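Enquirer: Handing you a structure now.
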Amino acid sequence: MLTWIALLALFLFSGATYAFGRRKAQALVRGQKGALHSLPGYHGSYVALWAGLPAALVVLAAAMFGGRMEAALLRADIPPAVAALQGQMQDVFFDDARALAHGGQASETAYDGDLRVALEAKAQQAKRLEQLIRYGALAAGAVLGLAGLALAYPRISPSFRARNRVEGWIAVLFIACAVTAILTTVGIVASLVWESWRFFQSVSPIDFLLGTDWDPQIAMRSDQYATKGAFGAVPLFVGTFLIMLIAMIVAAPIGLFSAIYLSEYARPLTRGVVKPLLEILAGVPTVVYGFFAALTVGPIFREGFNSLGRLMIGGPLDGLGVYLSQVQNQMALVAGAVMGIMLIPFVSSLSDDIMNAVPQSLRDGSLAMGATRSETVKKVVLPAALPGIMAAMLLAVSRAIGETMIVTMAAGLQAKTTLNPLDTVTTVTVQIVTLLTGDQEFDSPKTLSAFGLGLTLFVVTFILNVIALRIVQKYREQYD
Amino acid sequence: MTDAALPTDKAAFRQGLETRLKKRYAQERRFRLYGQLAITLALGFLVLLVGRIALQGYSTFIDYQITQSIYVDPAKVDRSDIGGANFDLLVADQMLARLGEKDDEFGETSGKMMDIISNDFGFQLLKMVKADPTLIGKTVKVTGPVKADAALYYKGELKRSTPEEERKLDNRQLTWLDRMQASGAVSKGFNFGFLTKSDSTEPEQAGVLGAVVGSAMMLLVTAVLAVPIGVLAATYLEEFAPKNRWTDLIEVNINNLAAVPSIVYGLLGLAVFINWLHVPRSSPLVGGLVLALMALPTVIIATRSALKAVPPSIREAALGVGASRTQTVFHHVLPLAMPGVMTGAILSLAHALGETAPLLMIGMISFVPGVPEGFTGAATTLPVQVFIWENASERAFHERTAAAILVLLAFMIVMNLAAILLRRRFERRW
């Protein structure tokens, strides 16, 4: 709360200095703007930036990191009674001291004797430190603000290049924003690698990537049989692959033919209606597809296969009939088919763009030689667009591998190494969700294995994306 | 001989030509048909998806309310301990009395009655009596919904023809429901409660308000972060940055980030924002942060293409009259590119609105019975609400899931329409 008030005050202060700077610049040349290097507003902004920005940064930093600073300072000297405590109990002690000082939730540990005295002393110290940091930051902000004003205000003169200075600050802001994108990638890679590394300390990467048994149960007591759990991810990879394959079998032909029709045959009116409708299909959230798969497609497929199976029982294919009559809702086919529907607009709009980039002169040449439209498409447009279409398919594969909600809601949890589309399989993303939702303790291999899976997922999709984007870029340049 | 043979050869040649041509035309028609078939299939799926969900969900918006006069019996409600009274039982007894039945000594009959009327009656009565203790000994009118299973019976989804042991309500309860409806005590109306209440363990009292507010708060955080940062980053890359290895790297990196699976962003949020920076779990703040990182690449890509569409002559004219590059960009190029930028921003926010997987990673799966208390309080969002309700075993939650999807789709369509209108209204050809 205090931080917000301080920031508001700084904002008002900086606004006032803007007016001062502007007025001074105008007064210096008696209103003749032509005599100034920069417009008066830039002089004002220059002063306001110096007066406001450094102070605001200090106040914000104190608000964000004040708690940590206080905790670190509190531990600077450890009383002997506390030093005798076991490693973890020391952390608890200091947390309790801070909780006592700031009215937080303390642990239920009972302290007596020397410890009680030490706790009270530390709580007092924590209170003092908190106030020191808080008011220190405010004082530093005030000093910095005034110093900034004192530094910048005298610099204003007709020949002062205020605009260039202000634009220098803006350039810094620009670069900071562009670097955010890099930082995101660094963040993803660092967090995945760090947590995976911790995971691979208890499970070897070879067992993880090549093991065929996935059963991430951790025993509650250390003497229980299944202490370690099994972390062989091959069944998950196979399940992911199977569902991706089914999805692509659905999406690739339908998406590609839609794109061919839209770009080569459809009249502008048809195109104008169909394209937005396909965009709606692309905009439907995946959780909706998941609901559709779990409660509509799943039961329909099950009923269909069950009744087909019942018809076949007693016939020449009796065994297959018995099997079919017992398939469940959660088969790979359901999740794969619905994911395929989700990918249709993705494939079609990418392929459409790529075919539109093929120059019209190629088509005209082919048509002028007497080829029909379909022959033109098959022999000229498609070969020319082939690399781009391959790239589109790769991007679709990467989407299918990373898709989470459809498989979480419609595929199973049982890890099986099978390529039977009627069987229930599980995928990498499903396991990440199940491992990380629900109660978790952060040091067990069970939760950490989710990061191992996440890293694998990231690496695979990253490679697919890089290849696909490379192809698309190279291909675009060809016709530009 | 050749002279005589020629005409037949010609005829044969012509015939061959014609059959070939016929074949080629047939092939052409087939190819065209495949295209039409593919589009029909794709649009058919869309109709099937939306139609099926609308069919499953529309009945949620109808609800059945009972109005009952209840005598607040001083013998059962203790003036000194109002909260201790069993209002549910009081309501159930008087409902039974209205049907001419009496509770048995084990409370089984009243229990059965409590299974068909919502405990909202009890809540309402408790609130009324607490607010005004003089009501004890008087008769008050209370209106409340029937339980979800009873509503399913009224809607015809739970049928009497199903064997008794396979349905939630037994014959006696169905007869009560029939008699109550025949006596005119039950009124059918629009279910405002679904839009004005938050999640509840009782399906008939569950609504989407909390989820809608949670989604709105999270989108606000996302918009405030992703749009300015994305627009500035794109402007820098497009208008200022020198073309060198570093900017190429940033560009490749941004294109890749746009294709990273959303669940990976969830893992990032869990590791960095929650475990490292200690942002409160399942709060709109952390959700908005994660979605902002996810939306950033798409905002950047959309902004860059909008900036590319502004012709260089505009820039040259501004630079020619002495504007600096920053002035050129902020005074001329960005305002002209704004419609495209806003369209891209709205579309990526719409995408963020429908995202679920990364939110599950940051703990947004818990039961939140009210509207979120603030940006750091526990919250749920519409897609997550859909996921939670889909997992619920009660059948009444399934129709609510579909209805929540309808609400979600309505928001998506509004956002997409806004983007399309913006594009139409301000589209400019140079």
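The values are calculated or read from the model by the stated rules, or taken from the named source; none is laboratory data. This one's a predicted model, so the numbers in the text were calculated from it and none came from an experiment. So basically every Cβ, Gly included, is an ideal-geometry build from the backbone, and we count neighbours across all protein chains shown.
Quick grid of which residues meet (1) part of a helix (DSSP H, G or I); (2) surrounded by 20 or more Cβ atoms within 10 Å (Cβ to Cβ); (3) at pLDDT 90 or above:
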position	(1), (2), (3)
A:Ala259	yes, yes, yes
A:Val287	yes, yes, yes
A:Val297	yes, yes, yes
A:Gly314	no, no, no
A:Leu320	yes, no, no
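Enquirer: Something else: Count, please, the residues in the stretch A:322-348 that happen to be among the small types (Gly, Ala, Ser) and surrounded by fewer than 19 Cβ atoms within 10 Å (Cβ to Cβ).
Expert: The qualifying residues number 1.
Enquirer: If A:Pro154 satisfies all but one of (1) in a helix (DSSP H, G or I); (2) within 41 Å of the chain's Cα centre (by Cα), what's the number of the condition it fails?
Expert: Failed condition: (2).
Enquirer: Could I ask something else about it? Please work out which one of (1) surrounded by fewer than 18 Cβ atoms within 10 Å (Cβ to Cβ); (2) more than 11 Å from chain B (Cβ to nearest Cβ); (3) modelled with pLDDT of 90 or more; (4) closer than 15 Å to A:Leu256 by Cα is the condition A:Lys378 fails and give its number.
Expert: Single failed check for A:Lys378: (2).
Enquirer: Just the residues that are under 21 Å from the mean Cα position of the chain (by Cα) and not in a helix (DSSP H, G or I), please, taken from the stretch A:171-203.
Expert: Those that are under 21 Å from the mean Cα position of the chain (by Cα) and not in a helix (DSSP H, G or I): none in the stretch A:171-203.
Enquirer: Inspect all residues belonging to the stretch A:38-45 and state whether any of them is assigned to a helix (DSSP H, G or I), under 41 Å from the mean Cα position of the chain (by Cα) and farther than 30 Å from A:Leu10 by Cβ.
Expert: no
Enquirer: Still on this model: Kindly establish whether A:Leu395 is within 12 Å of chain B (Cβ to nearest Cβ), closer than 27 Å to B:Met364 by Cβ and of a type outside the set (Lys, Arg).
Expert: Criteria not met by A:Leu395.
Enquirer: Taking the stretch B:234-257, which residues are crowded, with 18+ Cβ neighbours inside 10 Å and in a loop (DSSP other than H, G, I, E, B)?
Expert: B:Ala241
Enquirer: Here is a further query. I'd like to know if the stretch B:343-359 contains one or more residues that are outside any helix (DSSP H, G or I), within 16 Å of the chain's Cα centre (by Cα) and farther than 25 Å from B:Pro228 by Cβ.
Expert: Yes, there is a match, as at least one residue in the stretch B:343-359 is outside any helix (DSSP H, G or I), within 16 Å of the chain's Cα centre (by Cα) and farther than 25 Å from B:Pro228 by Cβ.
Enquirer: Right, something else. Quick one: count up the residues across the stretch A:2-37 that are in a loop (DSSP other than H, G, I, E, B) and surrounded by fewer than 16 Cβ atoms within 10 Å (Cβ to Cβ).
Expert: The number of residues fulfilling the criteria is 5.
Enquirer: Hey, another quick one. Report, ordered by the first and then the second residue, all pairs with beta carbons closer than 6 Å, sequence separation of six or more or different chains, a first member in the stretch B:63-92 that is more than 16 Å from B:Ala131 (Cβ to Cβ), and a second member that is part of a loop (DSSP other than H, G, I, E, B) and not small (Gly, Ala, Ser).
Expert: B:Asp63/B:Asn191; B:Pro74/B:Ile136; B:Asp88/B:Asn119; B:Leu90/B:Lys76
Enquirer: Further, regarding this structure: So how many residues does the stretch A:363-406 have that are in contact with an Asp or Glu (Cβ under 6 Å, 6 or more places away or on another chain) and assigned to a loop (DSSP other than H, G, I, E, B)?
Expert: 1
Enquirer: Take the stretch B:361-392 and flag every residue that is more than 10 Å from B:Gly214 (Cβ to Cβ), facing another protein chain (nearest Cβ under 10 Å) and part of a helix (DSSP H, G or I).
Expert: B:Met361, B:Pro383, B:Val386, B:Phe387, B:Trp389, B:Glu390, B:Asn391
Enquirer: Next question, about the same structure. Looking at the stretch A:407-432, which of its residues are touching a residue at least 24 places away in the same chain (Cβ under 8 Å), closer than 17 Å to A:Gly290 by Cα and either part of a loop (DSSP other than H, G, I, E, B) or of a type in the set (D, E, K, R) (or both)?
Expert: If the condition is that a residue be touching a residue at least 24 places away in the same chain (Cβ under 8 Å), closer than 17 Å to A:Gly290 by Cα and either part of a loop (DSSP other than H, G, I, E, B) or of a type in the set (D, E, K, R) (or both), then A:Ala411, A:Gly412, A:Thr424, A:Val425, A:Thr426, A:Thr427 are the ones that fit.
Enquirer: Out of (1) within 30 Å of B:Ala150 (Cα to Cα); (2) within 13 Å of chain A (Cβ to nearest Cβ); (3) touching a residue at least 40 places away in the same chain (Cβ under 8 Å), what's the single condition that is false for B:Ala352?
Expert: Failing condition for B:Ala352: (1).
Enquirer: At the interface with chain B (Cβ under 7 Å from one of its Cβ atoms) and aliphatic (A, V, I, L, M) - does that describe any residue in the stretch A:269-276?
Expert: Yes.
Enquirer: Follow-up. Just checking: which of the helices (runs of 4 or more DSSP H) contained wholly in the stretch B:1-114 hold 2 or more residues that are modelled with pLDDT of 80 or more, over 30 Å from A:Val284 (Cα atoms) and within 14 Å of another protein chain (Cβ to nearest Cβ)?
Expert: B:2-57
Enquirer: Right, here's the next one. If I go through the stretch A:421-480 residue by residue, how many of them are facing chain B (nearest Cβ under 10 Å), surrounded by fewer than 20 Cβ atoms within 10 Å (Cβ to Cβ) and at pLDDT below 80?
Expert: 4
Enquirer: Sticking with this structure for a sec: Inspect the stretch A:62-79 for any residue being assigned by TED's automatic domain parsing to the domain that holds A:Ala137, at pLDDT below 90 and more than 22 Å from A:Gly136 (Cα to Cα) and give the result as yes or no.
Expert: Looking for residues that are assigned by TED's automatic domain parsing to the domain that holds A:Ala137, at pLDDT below 90 and more than 22 Å from A:Gly136 (Cα to Cα), one finds at least one in the stretch A:62-79, hence yes.
Enquirer: Out of all the residues in the stretch A:167-212, which are in contact (Cβ under 8 Å) with a residue 60 or more places away in the chain, small (Gly, Ala, Ser) and surrounded by 19 or more Cβ atoms within 10 Å (Cβ to Cβ)?
Expert: If the condition is that a residue be in contact (Cβ under 8 Å) with a residue 60 or more places away in the chain, small (Gly, Ala, Ser) and surrounded by 19 or more Cβ atoms within 10 Å (Cβ to Cβ), then A:Ser191, A:Ser196 are the ones that fit.
Enquirer: Hey, among the residues in the stretch B:225-246 that are without any contact (Cβ under 8 Å) to a residue 24 or more places away in the chain and touching a helix residue (DSSP H, G or I) at 6+ places or on another chain (Cβ under 6 Å), which one's farthest from the other protein chains (Cβ to nearest Cβ)?
Expert: Taking the candidates together, the pick is B:Ala241.
Enquirer: Would you pick out the residues in the stretch B:379-410 that are more than 26 Å from B:Lys147 (Cα to Cα) and either without any contact (Cβ under 8 Å) to a residue 24 or more places away in the chain or surrounded by fewer than 21 Cβ atoms within 10 Å (Cβ to Cβ) (or both)?
Expert: Of everything in the stretch B:379-410, just one residue is more than 26 Å from B:Lys147 (Cα to Cα) and either without any contact (Cβ under 8 Å) to a residue 24 or more places away in the chain or surrounded by fewer than 21 Cβ atoms within 10 Å (Cβ to Cβ) (or both), namely B:Ala410.
Enquirer: Condition check: of a type in the set (Val, Ile, Thr), within 10 Å of chain A (Cβ to nearest Cβ) and loosely packed, with under 15 Cβ neighbours inside 10 Å. Does B:Ile413 satisfy that?
Expert: yes
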